[in-house]
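The values are calculated or read from the model by the stated rules, or taken from the named source; none is laboratory data. Please read these numbers as outputs of a predicted model, since none were measured by experiment. Counting neighbours? That spans all protein chains shown, and the Cβs are built from the backbone with ideal geometry, glycine included.
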Amino acid sequence: MLFKEGDSCCAVLGPDPQAGIFGCGCTPEDALVDWNDHLLEGLPHPDPNDPVMQYVIETIKTKKREVW
């Protein structure tokens, strides 16, 4: 979800910013770049107890299978 909070634009995947993948910036583009940076930080060593990251990993695996 992409939303405005005060003067900031924010992006979140998950139930809330604390439990999900969150990014924030001055523009929607900045928020998505920050969100992507946070996503990429978590991918090399994902927490197996983090349902949002597990959802992302399963989605990536499914998309890879669809391409092949």
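Points worth noting:
- Matching entry among Cys10, Cys26 (being surrounded by fewer than 16 Cβ atoms within 10 Å (Cβ to Cβ) and of a type outside the set (S, T, N, Q)): Cys26
- Close pairs from segment 27-40: first of a type in the set (A, V, I, L, M, F, W, C), partner exposed (fewer than 14 other Cβ atoms within 10 Å of the Cβ), Cβ under 7 Å, at least 6 apart: Ala31/Leu2
- Leu32 being of a type in the set (A, V, I, L, M) and modelled with pLDDT under 95: no
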